[in-house]
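Notes for the one structure printed next.
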Ligand SMILES: NC(=O)c1ccc[n+]([C@@H]2O[C@H](COP(=O)([O-])OP(=O)(O)OC[C@H]3O[C@@H](n4cnc5c(N)ncnc54)[C@H](O)[C@@H]3O)[C@@H](O)[C@H]2O)c1
């Protein structure tokens, strides 16, 4: 299998490459294209030497690729571009991030559409993930492009629930939908706890939610983000983490990574883990339901933009949306987030 990692020398790209090898998804019969800018050539060479040193005969073929026109792979991970700074005193807005990364998304998407073989699947890691997916979907066809943000948010949601209930993550079926960032939509109505009946699940869900209902989630997330931001700006990371720990599971999903990013540690290991997990499904030849950002055209809830929703993922891309039960508030919230993401995407692309 040929896998290309665009932005391979970046923190996330580097972890994706090593996790692909460590988890046995890329071995001597496979090839990883390490894609970077010309200015990153020396670093890419160093990276190849280091990986061969570490894994030797278990390492895949490692190719250095300095032009988007030379990408030749079945699976492409896009992890290049600008990221939000970790210095809370020099903040960057998501609008500025979008303007910085849009030309990069465009140039790679255009090159892959022109020079690729027409079947590549693209897994978008870079942010704003919805914008990256929108651009690649337009050039390559929407069923070949996924954003991993919703999958990562979903893994975090399941982990937070599992941790609080003392269960393994495998026993928790749950989805975090919507926008990766400020527009998360926890689909509590779709929660299934394997080994618990409907009444036990209802009781446990009530305990987990601590009185925060779907109608007030967005407001609570915004208020808690302001509170955690204030603590980070005061350089009180310890209090920020402590405070996040007091919140309900669905708020922790949005806020724990926020604090982790500004701690300076960043979230690359977990991001690479979620990315490689998605690649595992795409490589397996089987199909699985996973939350991902995809470009919808009204097939679920009449949403007509890029949004994190549950989709059936396989080696040919995402085949269809897999609808999950939502209550009226969750439904309304997901549609509202969809409208807001659609507005932002139009604004960002018009400003380019
Ligand atoms: N989805 C998530 O949960 C999540 C988590 C972490 C990071 N991210 C996103 O992933 C992206 C990368 O983050 P990071 O922390 O690894 O950043 P990083 O700064 O460590 O790496 C960025 C990489 O992009 C490369 N790059 C920049 N311009 C390029 C170009 N024109 N061609 C090829 N490569 C180019 C840089 O050389 C660098 O290697 C960011 O957009 C970030 O927001 C997403």
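Quick test of your reading of the structure: residue 89 fulfils all but one of (1) in a helix (DSSP H, G or I); (2) surrounded by fewer than 16 Cβ atoms within 10 Å (Cβ to Cβ). Name the failing condition by number. All conditions pass for residue 89, except number (1). Which residues, counting only those in the stretch 35-49, are touching a strand residue (DSSP E or B) at 6+ places or on another chain (Cβ under 6 Å) and either in a loop (DSSP other than H, G, I, E, B) or within 10 Å of the ligand (Cβ to nearest atom) (or both)? Across the stretch 35-49, the qualifying residues are 35, 44. Checked against the criterion of being outside any helix (DSSP H, G or I), within 10 Å of the ligand (Cβ to nearest atom) and either closer than 29 Å to residue 261 by Cβ or at pLDDT below 95 (or both), the candidates 84, 104, 97 yield just one match: 84. Looking at (1) within 16 Å of the ligand (Cβ to nearest atom); (2) over 19 Å from residue 152 (Cβ atoms); (3) in a helix (DSSP H, G or I), which is the only condition residue 232 fails? The failed condition is (1). With a requirement of 1 or more residues that are more than 27 Å from residue 224 (Cα to Cα), the strands (runs of 3 or more DSSP E) lying completely within the stretch 121-195 that satisfy it span 121-124, 145-147. Against the numbered list (1) farther than 21 Å from residue 73 by Cα; (2) surrounded by fewer than 17 Cβ atoms within 10 Å (Cβ to Cβ); (3) in contact with a helix residue (DSSP H, G or I) (Cβ under 8 Å, 6 or more places away or on another chain), residue 319 comes up short only at (1).
Among residues of the stretch 314-331 being touching a residue at least 12 places away in the same chain (Cβ under 8 Å) and in a helix (DSSP H, G or I), the one that is farthest from residue 122 (Cα to Cα) is 329.
The test for being surrounded by 21 or more Cβ atoms within 10 Å (Cβ to Cβ) and in contact (Cβ under 8 Å) with a residue 40 or more places away in the chain holds for residue 306. Tally time: how many residues in the stretch 235-256 are surrounded by fewer than 19 Cβ atoms within 10 Å (Cβ to Cβ) and in a helix (DSSP H, G or I)? Adding up the residues that qualify gives 7. If the condition is being more than 20 Å from residue 79 (Cα to Cα), away from the ligand (no atom under 14 Å from the Cβ) and either touching a residue at least 40 places away in the same chain (Cβ under 8 Å) or not in a strand (DSSP E or B) (or both), then the stretch 260-289 contributes 284, 285, 286, 287.
Just so you know, in the stretch 2-29 the residues that are assigned to a loop (DSSP other than H, G, I, E, B) and under 13 Å from residue 276 (Cβ atoms) include one that is farthest from the ligand (Cβ to nearest atom), and it is 24.
The values are calculated or read from the model by the stated rules, or taken from the named source; none is laboratory data. Keep in mind the model is a prediction, meaning the values are calculated, not measured. Methodologically, a virtual Cβ is constructed for each residue, glycine included, from the backbone with ideal geometry; neighbour enumeration extends over all protein chains shown.
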